[in-house]
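S.K.: Before I ask anything, let me first share the structure, which is written out below as structure tokens.
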Amino acid sequence: MRGSWWSHPLAQVIFQVNERLEDHNDVLLTKLVSGKVTFVHRKLWSEVVTIARAREDWQMKKLSPPVSSLLAQIDSAGSLTTAEAVWPRQSKMKLGDAARKLESRLLVVGTQFHSESGAHLKLLETWDHWMKRRKFKPAKISVEAAKEQLDIKLERLNEKDEASAKLPWH
């Protein structure tokens, strides 16, 4: 499917399936492929977690001071909501944009939810906090091997679907 799935005749069915996948115990939602929300099956969690926790240059380079500050808050707390984050009022960047930047570099796990008042919020977690909450212990794998495995899988999908999706370290 090209473009937005919202314009597809089966958009409501797609939405319902997405909702069910979000709640599935074997599915991780993260911004892995082309900066988009990606449903990752448990079979690939070790690779994703290994890469995400590496804190390589592509993840850390050129983070603005407010984004770095948000990351430090999350690292310190383990998890926090966007309502709990301390955000400088004078910042030109919005808190939501900073959270998305951290997610797109796989520095945190972000999960959207509605507060009791109905406001849209996001839970931002370290990967260690997420693993503990999900009771997940990753297999030991090197960052290089993890990247290679995900590169191969995405390359196959790109060939099959005549696509040009990219992983964040490229």
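The values are calculated or read from the model by the stated rules, or taken from the named source; none is laboratory data. Note that the coordinates shown come from a computational prediction; the quantities given were computed from them, not determined experimentally. With ideal geometry, Cβ positions are generated from the backbone for all residues, glycine too; neighbour counts draw on all protein chains shown.
S.K.: Give all pairs with beta carbons closer than 6 Å in which a residue from the range 142-164 that is within 13 Å of residue 45 (Cα to Cα) and in contact (Cβ under 8 Å) with a residue 12 or more places away in the chain meets a residue that is in a helix (DSSP H, G or I) and of a type in the set (Asp, Glu); count only pairs at least 6 apart in sequence or on separate chains.
M.R.: Correct list of pairs: 146/47; 149/47; 150/47.
Residue-wise test of (1) touching a strand residue (DSSP E or B) at 6+ places or on another chain (Cβ under 8 Å); (2) within 20 Å of residue 166 (Cβ to Cβ).
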site	(1), (2)
56	no, yes
61	no, yes
93	no, no
100	yes, yes
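S.K.: Which of the residues that make up the range 79-121 are under 19 Å from residue 48 (Cβ atoms) and of a type outside the set (Ser, Thr, Tyr)?
M.R.: Selection gives 99, 100, 101, 102, 103, 105, 106, 107, 108, 109, 110, 112.
S.K.: Further question on the same structure: Quick check on the range 29-55: of everything there that is over 13 Å from the mean Cα position of the chain (by Cα) and exposed (fewer than 15 other Cβ atoms within 10 Å of the Cβ), which residue is farthest from residue 132 (Cα to Cα)? Reasoning before the result, please.
M.R.: Kept after step one, since they are over 13 Å from the mean Cα position of the chain (by Cα), are these residues of the range 29-55: 41-44, 46-47, 50, 54-55.
Cutting the leftovers down to exposed (fewer than 15 other Cβ atoms within 10 Å of the Cβ) gives us 41-43, 55.
Values: 41: 18, 42: 15, 43: 17, 55: 19 Å.
Within the range 29-55, the match that is farthest from residue 132 (Cα to Cα) is 55.
S.K.: Within the range 160-169, can one find any residue that is over 25 Å from residue 71 (Cα atoms), assigned to a loop (DSSP other than H, G, I, E, B) and within 19 Å of the chain's Cα centre (by Cα)?
M.R.: So far as the range 160-169 goes, yes, one or more of its residues are over 25 Å from residue 71 (Cα atoms), assigned to a loop (DSSP other than H, G, I, E, B) and within 19 Å of the chain's Cα centre (by Cα).
S.K.: Have a look at 117, 76, 91 and point out the one that is over 12 Å from the mean Cα position of the chain (by Cα) and not in a loop (DSSP other than H, G, I, E, B). Can you show your working first?
M.R.: Values: 117 fails: not in a loop (DSSP other than H, G, I, E, B); 91 fails: not in a loop (DSSP other than H, G, I, E, B).
Checking each option against the conditions leaves just 76.
S.K.: Is it true that residue 103 is part of a helix (DSSP H, G or I), of a type in the set (Asp, Glu), under 30 Å from residue 170 (Cβ atoms) and under 15 Å from the mean Cα position of the chain (by Cα)?
M.R.: Details: part of a helix (DSSP H, G or I): yes; of a type in the set (Asp, Glu): yes; under 30 Å from residue 170 (Cβ atoms): yes; under 15 Å from the mean Cα position of the chain (by Cα): yes.
Yes; evaluated as a whole, the condition is true for this residue.
S.K.: Here's another thing I want to ask about it. Tell me the residue from 67, 13 that is among the β-branched types (Val, Ile, Thr) and modelled with pLDDT under 95, please.
M.R.: Testing whether each residue is among the β-branched types (Val, Ile, Thr) and modelled with pLDDT under 95 leaves just 13.
S.K.: Within the range 19-68, track down each residue that is among the aromatic types (Phe, Trp, Tyr) and either touching a Phe, Trp or Tyr at 6+ places or on another chain (Cβ under 7 Å) or over 22 Å from residue 154 (Cα atoms) (or both).
M.R.: We begin by selecting, within the range 19-68, every residue among the aromatic types (Phe, Trp, Tyr); these are 39, 45, 58.
Once the filter is applied, which keeps residues that are among the aromatic types (Phe, Trp, Tyr) and either touching a Phe, Trp or Tyr at 6+ places or on another chain (Cβ under 7 Å) or over 22 Å from residue 154 (Cα atoms) (or both), the range 19-68 yields 45, 58.
S.K.: Among the residues of the range 127-148, write down those that are among the aliphatic types (A, V, I, L, M) and in a helix (DSSP H, G or I).
M.R.: Across the range 127-148, the qualifying residues are 131, 143, 145, 146.
S.K.: Of (1) outside any helix (DSSP H, G or I); (2) closer than 16 Å to residue 106 by Cα, residue 151 satisfies all except one. Which?
M.R.: (1)
S.K.: Now for a different question. Within the range 66-88, identify whether any single residue is more than 25 Å from residue 132 (Cβ to Cβ), out of contact with any helix residue (DSSP H, G or I) (no Cβ under 9 Å at 6 or more places or on another chain) and surrounded by fewer than 17 Cβ atoms within 10 Å (Cβ to Cβ), and answer yes or no.
M.R.: The answer is no, given that none of the residues of the range 66-88 is more than 25 Å from residue 132 (Cβ to Cβ), out of contact with any helix residue (DSSP H, G or I) (no Cβ under 9 Å at 6 or more places or on another chain) and surrounded by fewer than 17 Cβ atoms within 10 Å (Cβ to Cβ).
S.K.: Can you confirm whether residue 123 is in contact (Cβ under 8 Å) with a residue 40 or more places away in the chain, assigned to a strand (DSSP E or B) and not polar (S, T, N, Q)?
M.R.: Yes; evaluated as a whole, the condition is true for this residue.
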